[in-house]
């Protein structure tokens with residue numbers, strides 16, 4: 001069972017450089033959320049602030065009654081056991097092999113017998129498709145494998161909150177889809193609250209229940225995925241289309257002069273894609289995600305405060321979902337083409353070594 | 001302020017991050033700021049504030065280490081591994097350095113003593129210098145140079161690879177898990193090494209005085225037992241223990257706070273050795289002064 005995380009008025013600066021200010025949002029219990037944002041907008045800093053690695057100047061992050069920003073060190077350490085954080089490059093311990101890396105939290109925090117540790121670790125290794133590589137050192141495997149090993153380590157204590165820092169970076173599209181599926185399956189199995197920081201649009205379109213976006217030191221929006229996907233906000237629209245035209249520039253943000261100069265140039269529509277695709281479903285054989293029902297109630301309650309486009313998008317996706325529920329015996333037909341499943345017989349299996 | 005983990009600099013992705021410690025400065029984002037406008041620049045900080053802050057953070061780490069020593073579970077395995085590692089890199093060089101060092105002192109004191117016809121005191125003088133000064137300093141140099149640099153490089157590279165962040169995220173304190181065993185190991189090795197260096201240095205001095213300078217063995221030992229007393233050995237070991245602690249904490253401090261990337265780790269190692277040397281000689285001066293004031297010389 002996941003835990004609600006509520007962030008209130010978080011502000012962080014490094015020296016005189018303000019990273020973001022007054023960020024407030026709530027990660028609803030057991031739901032999957034995605035934080036989007038152009039490179040360099042402090043997404044990783046946000047993630048690290050949530051877990052108390054970085055101390056923002058003001059604001060609170062409440063997890064199970066503990067404020068990760070201001071509470072005593074002892075409480076924060078205790079609360080961190082509820083978290084699993086998947087670092088961008090895995091952050092594995094270079095001196096230990098994969099098995100010891102993944103067993104590390106178990107050995108530190110539990111008094112389990114070695115045989116039981118072995119069983120749990122092998123289970124997690126199988127989950128991320130790394131069976132057979134447990135004796136290798138992190139320096140001997142590819143970046144994608146390191147990432148998956150980092151995920152396995154984050155999962156080993158059955159965390160209630162899972163934070164993923166750019167799970168897609170350095171992975172090919174196929175592995176990214178497998179990873180998306182893995183995250184959804186995980187959510188179905190352990191009902192953990194999840195936050196994924198990314199700028200991958202495929203993940204953003206298929207995985208989350210909620211989406212937010214950081215830009216220009218502010219949280220642009222945070223809410224049900226349909227709200228962001230139908231948003232008319234220029235920043236969001238530009239980001240989702242990948243267009244060069246709009247407020248996001250090569251450097252952190254464009255200044256007014258660059259924006260004015262841009263008006264004379266040819267239109268760049270970006271890539272037209274339909275991101276309003278149905279969400280991924282757990283693999284066949286797994287239980288329903290219990291977050292789905294909770295979210296449905298929550299979203300129905302807030303329907304009136306949304307824009308008409310978002311409202312109709314939510315309505316249609318809720319309708320589509322109840323339809324699938326009635327024909328649950330069939331394999332989920334709404335899976336987007338790009339996403340594979342564990343039982344797909346493609347040439348690149350998840351367990352394959354991508355060294 | 002309970003420990004330096006609290007105000008650790010924020011890891012890899014922020015090279016523009018200010019000096020290592022300090023509480024979060026009051027946010028420059030003024031409340032009524034219009035949305036999106038740049039926050040006003042901070043006031044120019046006082047000169048020397050950075051140094052003060054570093055010193056404070058170093059002391060904070062020392063205190064945190066002392067407190068974490070008593071926290072269970074004790075990392076016995078890590079301690080033994082580090083102890084073995086530090087001992088293995090310091091024993092041989094220490095022995096090799098202490099023989100010529102003892103010899104030099106014996107020769108110098110011996111020739112000076114013969115000039116003023118006080119050969120009978122050579123033994124006492126050279127042994128005391130050896131045990132009280134030379135031996136702890138040799139230990140300090142080797143612990144800082146061989147062990148401290150290794151500890152600093154190890155922790156530094158782990159920090160920039162976010163391993164320590166990962167450890168903290170898993171609810172494991174790097175201070176308790178990594179720093180405490182290392183500091184305890186440097187202390188223990190320093191104390192034991194000091195005993196060895198004292199013995200080897202004294203034997204070397206005896207050999208050179210008796211064999212090379214035709215001193216009389218009886219006079220050497222008689223003057224030694226006339227002038228030396230047990231507190232001389234105590235202060236020697238106290239010094240060694242303190243030097244080991246300082247070397248361990250400074251190495252850990254620089255290793256936990258490298259500035260920006262692999263080159264930062266190299267710089268941190270360099271700085272840790274230099275800072276340790278400076279501190280050790282200063283502390284040695286202070287301790288020697290205190291000792292000479294407090295402990296009356298034998299027979300006085």
(message) Residues to consider are B:113, B:118, B:29; find the one that is surrounded by 17 or more Cβ atoms within 10 Å (Cβ to Cβ) and either modelled with pLDDT of 85 or more or within 30 Å of residue B:207 (Cα to Cα) (or both).
(response) B:113
(message) Can you tell me which residue is nearest to the other protein chains (Cβ to nearest Cβ) among those in segment A:33-60 that are farther than 17 Å from residue A:196 by Cα and not in a loop (DSSP other than H, G, I, E, B)?
(response) A:58
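Conditions (1) out of contact with any helix residue (DSSP H, G or I) (no Cβ under 6 Å at 6 or more places or on another chain); (2) closer than 30 Å to residue A:158 by Cβ, marked per residue:
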| residue | (1), (2) |
| --- | --- |
| B:161 | yes, yes |
| B:185 | no, no |
| B:198 | no, no |
| B:202 | no, no |
| B:213 | no, no |
| B:222 | yes, no |
| B:245 | no, no |
| B:250 | no, no |
(message) Looking at (1) within 17 Å of the chain's Cα centre (by Cα); (2) farther than 24 Å from residue B:73 by Cα; (3) part of a loop (DSSP other than H, G, I, E, B); (4) more than 9 Å from chain B (Cβ to nearest Cβ), which one does residue A:149 not meet, given that it meets all the others?
(response) (3)
(request) Determine which single condition residue A:25 fails, assuming it passes every other condition in (1) surrounded by fewer than 23 Cβ atoms within 10 Å (Cβ to Cβ); (2) facing chain B (nearest Cβ under 9 Å); (3) not in a loop (DSSP other than H, G, I, E, B). (result) (2)
(request) Find the helices (runs of 4 or more DSSP H) located wholly in segment B:107-203 whose residues include 3 or more that are within 30 Å of residue B:65 (Cβ to Cβ) and within 14 Å of another protein chain (Cβ to nearest Cβ), and list them. (result) B:149-160, B:163-169
(message) Criterion first (at pLDDT 85 or above, touching a strand residue (DSSP E or B) at 6+ places or on another chain (Cβ under 6 Å) and facing chain B (nearest Cβ under 10 Å)) does residue A:83 satisfy it?
(response) yes
(request) Could you list all residues from segment A:1-22 that are farther than 19 Å from residue A:199 by Cα and either in contact with a helix residue (DSSP H, G or I) (Cβ under 9 Å, 6 or more places away or on another chain) or in contact (Cβ under 8 Å) with a residue 60 or more places away in the chain (or both)? (result) A:1, A:2, A:3, A:4, A:5, A:7, A:10, A:12, A:14, A:18, A:21, A:22
(message) Quick check on segment A:252-275. Is at least one of its residues surrounded by 14 or more Cβ atoms within 10 Å (Cβ to Cβ), within 23 Å of the chain's Cα centre (by Cα) and modelled with pLDDT of 75 or more?
(response) no
(request) For residue A:117, work out the one condition from (1) away from chain B (no Cβ under 14 Å); (2) out of contact with any helix residue (DSSP H, G or I) (no Cβ under 7 Å at 6 or more places or on another chain) it doesn't fulfil. (result) (2)
(message) Given the criteria within 13 Å of chain B (Cβ to nearest Cβ) and in a helix (DSSP H, G or I), does residue A:103 qualify?
(response) yes
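The values are calculated or read from the model by the stated rules, or taken from the named source; none is laboratory data. Predicted model, so just to flag it, every value in this text is computed and none were measured. Heads up, the Cβs are rebuilt from the backbone with ideal geometry, glycines too, and the neighbour counts pull from every protein chain shown.
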